[in-house]
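Q: The structure's right below; bear with me while I get my questions together.
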């Protein structure tokens, strides 16, 4: 079941919560809406579900126009952040709810509920009530309840935020595996980058009701379309660029007012006003001797921060502060105050419009 | 140190406890004690004990008053029950500012004393009152309706008067529901009516029942409205209490009547709570 | 349809009060319909009628004292319950809210017999006691919300810095509860001011509050004068309600 959204708009009073969003999700794909709180991702999900009515634009599920259709006719299912289990119904009755509204015969209900609970590994708890379950168990019930109706589309609204960290990690993979096995088209909303990266096939980064970029995790991480996206999905070193020029087919500019750097071949901001050079910490190399990269500068270690498997090396190049990340075994030899050289290959940087 | 911390809350509560003991518990006990003494022309005979006062309450006259009081109360509570959900649901869907205003409008008459309200209802329902005049003026009726000095008038006036006791708790419960519950039901295929019957109603039923119990108690013990709108021909329990205590000055009987009313009230509250916990049994719901 | 029910209910709930005010403005000595001309003559009648003025003064004094006393007693009790969370907390709360369940009539009968027994029938102190008890359940509920709204951490900070529990209560907690205390006071004032049933049962002709005075007047006759007095009572209620609402009190008081 493919999902097609064209120019979707939702206005609340003076606020354009969703401001002209278009995207398409292929059948069986796991698609994530990623962004900071207030970016409109949850509103967008609720528009798809039919909880809100769109102000403009269209939502199509496998060609069928859902835009004006009431919630209960859309044949999709949603898992909520608070799980939204019916407190007055047992686990069995919760899962059976969607089947009962569809007037599925009793025997079939029993069979399908049993299967759904087995799928989420909760078969033994069908007679319990939500208040007697742990957070993780409630989550699974919510999942079973959504899956048992065989929806055309599965929606998740920050389903893991109410779980503790370890459980969250586990559930990410479980949900992912389940989704792959069943092959159901899925849209997930989250503000957690790692979650989006682990679970999705593709994602859309949203800000202020608009989509900033759509793509796979590696595309978004390595080739962010804007400064906002770059900064949102991971830590960056950002250098203001001036006097960008092309010399023998290679581009060059002045970074942070001091350093002459070779710039990547591709990238925005070429020739236009102000631009930034964005460097991921893992793209920076630090060495006691010659660092061996296209761009290299003498630097001084300011601090080494131990983070477990990796460490952060904070260095000073003139007045410019940069942050590099490397395996802790490599970082162990550096001491604060030590002179080193730091550098990167031109194509490891990304040129973006500033601001 | 720990000992003083255990005593402290009781020290804070002590003044209020004393006042309540003197002004609440003792008077009730006094009435209870009086109810077991016989009444004589010289006053209460504190030396003798009897159950005669209670026995008198079961004779046909007093029994008739009780039945009438019950009849009126049940009618008012039943109609209020039917009206409560539509109004509460409507209210809960209004924008917050409008909600506050409407709640204010509903609450304000409660803070005006019932005698003034009884006056208002009198002016509305009597033979040449507002309602009859308007209906006759619009040619809806030929001769005036008898809307006062009968049970109908009492019921008509009590419904809005005590509505707030059901409405407020129910509205609070409806507003307090996690909206995700209704969304979950909706996405699972339940149309709006099914969402109400399967999700909203079961989850708000305890508050609803509690509100109905209070409403019923208020109906049973109403005084000013039945007095002016029902009149002497339609005695209810409170008017009877007035006659017995302040006119006949038969305090033992009056005390027995008070005890009976109180017992009835407590039984109702208990029954209401049992109903509420039955409805939430094993569901892990807060009643 | 549901909207219609709501509007109808709202009208019906407000109708008696509106009618009283409307009718009090009749220019003649009878309630003539339709009422197109308005006159304030009955207000002058009502205000010059000594029975009403005396009753108003009594009601106001009574309400003021009852609210003040209740507030002090309940604030202390609520503070003890909320901060110390003693084991009998639920029972205490139940006890303090019991007067609602006992109902005004039963309580009135009990008070009547009680004040006679201890010889203070028809005296202000007995009436005051009754009004305090009647208002306690509402004060408890309202004050509990107020005290809970003050974060306990503030009190701990104060005590760690050297103030005793009592000093903290007076200098830290109390000021922060100011708004809640004022709204609680206004609410209790209004409740006492409009109390009828219990008061009727336990007072005689020489100690009549305004609602009781209106009641006895009405038992005799129904005329524009009593409508005018009632309208004034409504006016007082409205003023206090508006004050309450401005202070945000009603939202606090009406949410369970």
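The values are calculated or read from the model by the stated rules, or taken from the named source; none is laboratory data. Because the structure is predicted, anything quoted here is derived from the model rather than measured. Here Cβ is always computed from backbone atoms with ideal geometry, including for glycine, and neighbour counts include all displayed protein chains.
Q: For region B:164-252, give me every one of the helices (runs of 4 or more DSSP H) that falls completely inside it and has 2 or more residues that are within 14 Å of chain A (Cβ to nearest Cβ).
A: B:179-187, B:192-195, B:201-220
Q: Look at region C:180-207 and say how many of its residues are within 12 Å of chain B (Cβ to nearest Cβ) and touching a helix residue (DSSP H, G or I) at 6+ places or on another chain (Cβ under 7 Å).
A: First, pick out the residues of region C:180-207 that are within 12 Å of chain B (Cβ to nearest Cβ): C:186-205.
Now narrow it down to the ones that are touching a helix residue (DSSP H, G or I) at 6+ places or on another chain (Cβ under 7 Å): C:186-203.
Final tally of qualifying residues: 18.
Q: Any residue in region B:95-109 that's more than 9 Å from every other protein chain (Cβ to nearest Cβ): show its pairings with residues that are in a helix (DSSP H, G or I) and surrounded by 17 or more Cβ atoms within 10 Å (Cβ to Cβ) at Cβ separation under 6 Å, as long as the two are six or more apart or on different chains.
A: So the pair list comes out as B:99/B:91.
Q: Give the residues of region A:163-185 that are surrounded by fewer than 16 Cβ atoms within 10 Å (Cβ to Cβ) and part of a loop (DSSP other than H, G, I, E, B), sorted by residue number.
A: Once the filter is applied, which keeps residues that are surrounded by fewer than 16 Cβ atoms within 10 Å (Cβ to Cβ) and part of a loop (DSSP other than H, G, I, E, B), region A:163-185 yields A:164, A:183.
Q: Can you name every residue in region B:126-163 that is farther than 22 Å from residue C:26 by Cβ, without any contact (Cβ under 8 Å) to a residue 24 or more places away in the chain and part of a helix (DSSP H, G or I)?
A: B:152
Q: For residue B:88, state whether it is in a helix (DSSP H, G or I), within 14 Å of another protein chain (Cβ to nearest Cβ) and in contact with a helix residue (DSSP H, G or I) (Cβ under 6 Å, 6 or more places away or on another chain). Before the answer, list the steps.
A: On the way: in a helix (DSSP H, G or I): yes; within 14 Å of another protein chain (Cβ to nearest Cβ): yes; in contact with a helix residue (DSSP H, G or I) (Cβ under 6 Å, 6 or more places away or on another chain): yes.
Judged against the criteria, residue B:88 is a match.
Q: Then there is this: Across region A:289-329, what is the total count of residues that are at pLDDT 90 or above and not in a strand (DSSP E or B)?
A: 5
Q: Would you call residue C:52 under 30 Å from residue B:131 (Cβ atoms), in contact (Cβ under 8 Å) with a residue 24 or more places away in the chain and assigned to a loop (DSSP other than H, G, I, E, B)?
A: no
Q: Is there a residue in region C:156-179 that is in a helix (DSSP H, G or I), more than 14 Å from chain B (Cβ to nearest Cβ), touching a residue at least 60 places away in the same chain (Cβ under 8 Å) and farther than 29 Å from residue B:45 by Cα? Before you say what the answer is, go through the steps one by one.
A: Of the residues in region C:156-179, the ones in a helix (DSSP H, G or I) are C:156-160, C:165-176, C:178-179.
Now restrict to residues that are more than 14 Å from chain B (Cβ to nearest Cβ): C:157-158, C:160, C:167, C:171-172, C:175-176, C:178-179.
This time we only want the ones that are touching a residue at least 60 places away in the same chain (Cβ under 8 Å), so: C:179.
Retained after the next criterion (residues that are farther than 29 Å from residue B:45 by Cα): C:179.
Checking region C:156-179: at least one residue is in a helix (DSSP H, G or I), more than 14 Å from chain B (Cβ to nearest Cβ), touching a residue at least 60 places away in the same chain (Cβ under 8 Å) and farther than 29 Å from residue B:45 by Cα.
Q: Also: Being within 23 Å of residue C:213 (Cα to Cα), within 26 Å of the chain's Cα centre (by Cα) and within 7 Å of chain B (Cβ to nearest Cβ) is the requirement here; does residue C:9 meet it? Steps first, please.
A: Numbers: within 23 Å of residue C:213 (Cα to Cα): no; within 26 Å of the chain's Cα centre (by Cα): yes; within 7 Å of chain B (Cβ to nearest Cβ): yes.
For residue C:9, the condition - within 23 Å of residue C:213 (Cα to Cα), within 26 Å of the chain's Cα centre (by Cα) and within 7 Å of chain B (Cβ to nearest Cβ) - is not met.
Q: Now for a separate question. In region B:54-70, is there at least one residue being surrounded by fewer than 17 Cβ atoms within 10 Å (Cβ to Cβ), at pLDDT below 95, more than 14 Å from chain C (Cβ to nearest Cβ) and within 30 Å of residue C:14 (Cβ to Cβ)?
A: yes
Q: Return the total of residues in region C:213-232 being surrounded by fewer than 24 Cβ atoms within 10 Å (Cβ to Cβ) and either under 18 Å from residue C:124 (Cβ atoms) or free of Cβ contacts under 8 Å to residues at least 60 places away in the same chain (or both).
A: 7
Q: Can you find a residue that is under 24 Å from residue A:46 (Cβ atoms), without any contact (Cβ under 8 Å) to a residue 60 or more places away in the chain, facing chain B (nearest Cβ under 9 Å) and crowded, with 22+ Cβ neighbours inside 10 Å anywhere in region A:102-116?
A: Taking every residue of region A:102-116 in turn, none turns out to be under 24 Å from residue A:46 (Cβ atoms), without any contact (Cβ under 8 Å) to a residue 60 or more places away in the chain, facing chain B (nearest Cβ under 9 Å) and crowded, with 22+ Cβ neighbours inside 10 Å.
Q: Moving on. Looking for whichever is under 17 Å from residue A:110 (Cα atoms) and crowded, with 21+ Cβ neighbours inside 10 Å here; the options are A:147, A:154. Which one fits?
A: Just one listed residue meets the conditions, A:147.
Q: Based on this model, can you work out whether residue A:84 counts as touching a residue at least 12 places away in the same chain (Cβ under 8 Å), more than 19 Å from the chain's Cα centre (by Cα) and closer than 21 Å to residue A:204 by Cα?
A: Values: touching a residue at least 12 places away in the same chain (Cβ under 8 Å): yes; more than 19 Å from the chain's Cα centre (by Cα): yes; closer than 21 Å to residue A:204 by Cα: no.
So residue A:84 does not fit the description; no.
Q: Just need a number here: residues in region C:13-34 that are closer than 26 Å to residue B:110 by Cβ and either touching a residue at least 40 places away in the same chain (Cβ under 8 Å) or outside any helix (DSSP H, G or I) (or both).
A: From region C:13-34, those closer than 26 Å to residue B:110 by Cβ are C:13-25, C:31; that's our starting set.
Of the ones still in play, those that are also either touching a residue at least 40 places away in the same chain (Cβ under 8 Å) or outside any helix (DSSP H, G or I) (or both) are C:17, C:20-21, C:23-25, C:31.
Of the residues in that region, 7 qualify.
Q: For region A:330-355, give me the residue count where each residue is assigned to a helix (DSSP H, G or I), touching a strand residue (DSSP E or B) at 6+ places or on another chain (Cβ under 7 Å) and more than 24 Å from residue A:265 (Cβ to Cβ).
A: So the count comes out to 1.
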